[in-house]
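The values are calculated or read from the model by the stated rules, or taken from the named source; none is laboratory data. This is a predicted model, so every value here is computed, not measured. Cβ atoms come from the backbone with ideal geometry, glycine included; neighbour counts cover every protein chain shown.
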Amino acid sequence: MTPDAQVTLDNIRIFAADMIAPTAPLWSKGQAPEPDLFRKVADLGLFRLQVPQSEGGLGLGFAVKARACQALAAADFGFAMSVVNTHNVAARIATSGSPQARAAFMPALLWGEASACTALTEPDAGSDVAAMQTSARRVDDEWVLNGEKCWIVNARHAATAIVFAQTAGQGDIAGIAAFLVDLTAPGCRRNATGSDFAQASAGTGGFVLSDVVLPADNLILPAGQAFHSIMSDINGARTYVAAMCCGMLDAALHYAGAYGATRRTFGKTLQAHQGWRLPLARAETALAAALALTDAAIHAIDAGQDAQLQAAFAKVAATDAACTHLPALLHAMGAEGLRPQYPMARHLAAAQIAALVDGSTEMLLERIARLARPLTEIQN
Ligand SMILES: Cc1cc2nc3c(=O)[nH]c(=O)nc-3n(C[C@H](O)[C@H](O)[C@H](O)COP(=O)(O)OP(=O)(O)OC[C@H]3O[C@@H](n4cnc5c(N)ncnc54)[C@H](O)[C@@H]3O)c2cc1C
């Protein structure tokens, strides 16, 4: 990592600890982050990390993004998801958008004046992406979109969405294309995605598109390329979600450890009881393993290698570690662990979300089963 990248990352870590961790308890009560916070995020360069320098970005490698996600999620997973989703849309527009689209959409995203989302999931198409029903019809030199998307990070407030839609018949993977949609345009209607788990900071929601007319320029990934692009980008997403789970587990270990050092029972501190220390040691072990697999995936991505298997290993290991050990760490703090100033309960809910987004655990295990032993033949 270059010295500049290291400084950027250090500043992000300080920001997460000083600005996000103390505010995050409000978000689990439904309050959305203040818009000013996103401007501070922009000043830190978080929306520009992987955007090429020629497009106003910092042009940094994937490792910085993954570590930034880890630091933000240690304070609040939903906020980290919100920030990285806006960043990803800006980076995609920078590399695949037309000059008009870059001029129209990018400045507001890079400088925290607007948020953005990427929308694949629909009421009847989650893991089975190819089943999406949102349609894109070419009419002269325009596109007309119809359909519904749900469970989309930032959809509650995003100005811009990258919407994946079918240009051919349903189930035709090669027919899927991606479009830039201004969510304030006529025909776009947002709807709430109610959940007691999805933190307000992730801004998760949905929208309906009714005869939304787009200029031809708003086609950002044509049919034939879009599905391939999802599959390649998703290795990065799986890896940074793994890093986020490591960040949450590390934070929970920190709080549980600090509590155990002062809370006394039966005449000594909790940490002096061997039975109390063992679950923490198990969590440390799982965290070390998850971090090693996450590092391997980060390295593969930054080296330009095919990272499918490494990303799947990292995400399964890290989400399993978080889902298994966060309840034990909450328990280790007794009732105190439930207080909102600690992230334990928020992280616990977030770990469940992490195990679903960007490829659920079952989808990833299926991938591992197919890739880990290439000589094994699996019949469909
Ligand atoms: C908070 C949150 C934020 C999200 N953000 C986004 C976003 O920004 N953009 C976006 O496009 N989507 C987003 N999603 C959607 C997410 O990607 C989907 O939830 C995920 O793809 C799983 O789809 P599903 O929920 O429809 O579950 P389903 O596909 O219906 O699956 C239900 C369960 O069955 C399992 N399952 C499915 N098929 C199989 C199989 N063949 N074998 C074994 N098990 C199987 C799944 O693993 C899952 O446990 C978000 C979801 C959440 C909860």
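General remarks:
- Filtered residue count, region 121-161, keeping only those that are under 13 Å from ALA223 (Cβ atoms) and either among the hydroxyl-bearing types (Ser, Thr, Tyr) or near the ligand (Cβ under 9 Å from one of its atoms) (or both): 1
- Of all residues in region 93-107, none satisfies being within 16 Å of the ligand (Cβ to nearest atom) and in a loop (DSSP other than H, G, I, E, B).
- Hey, LEU214 away from the ligand (no atom under 16 Å from the Cβ), in a strand (DSSP E or B) and within 30 Å of ASN146 (Cα to Cα) or not: yes
- Considering residues of region 1-54 that are surrounded by fewer than 12 Cβ atoms within 10 Å (Cβ to Cβ) and either in contact with a strand residue (DSSP E or B) (Cβ under 8 Å, 6 or more places away or on another chain) or of a type in the set (D, E, K, R) (or both) only, the residue farthest from LEU110 (Cα to Cα): LYS29
- For PHE164: the one exception among (1) within 16 Å of the ligand (Cβ to nearest atom); (2) in the same structural domain as LYS29 (by TED's automatic domain parsing): (2)
- Which listed residue, of ILE234, ILE220, is assigned to a helix (DSSP H, G or I), closer than 26 Å to VAL83 by Cβ and of a type in the set (A, V, I, L, M, F, W, C): ILE234
- If only residues of region 147-180 that are part of a loop (DSSP other than H, G, I, E, B) and closer than 27 Å to ALA32 by Cβ are counted, the one that is nearest to the chain's Cα centre (by Cα) is VAL153.
- Checking every residue in region 326-343 against the condition of being within 13 Å of the ligand (Cβ to nearest atom) and closer than 20 Å to ALA73 by Cα gives zero matches.
- Selected residue (only one of THR269, THR204 is closer than 30 Å to LEU293 by Cβ and surrounded by 14 or more Cβ atoms within 10 Å (Cβ to Cβ)): THR204
- Complete set of residues in region 1-42 that are small (Gly, Ala, Ser) and either free of Cβ contacts under 8 Å to residues at least 24 places away in the same chain or assigned to a helix (DSSP H, G or I) (or both): ALA5, ALA16, ALA17, ALA24, ALA42
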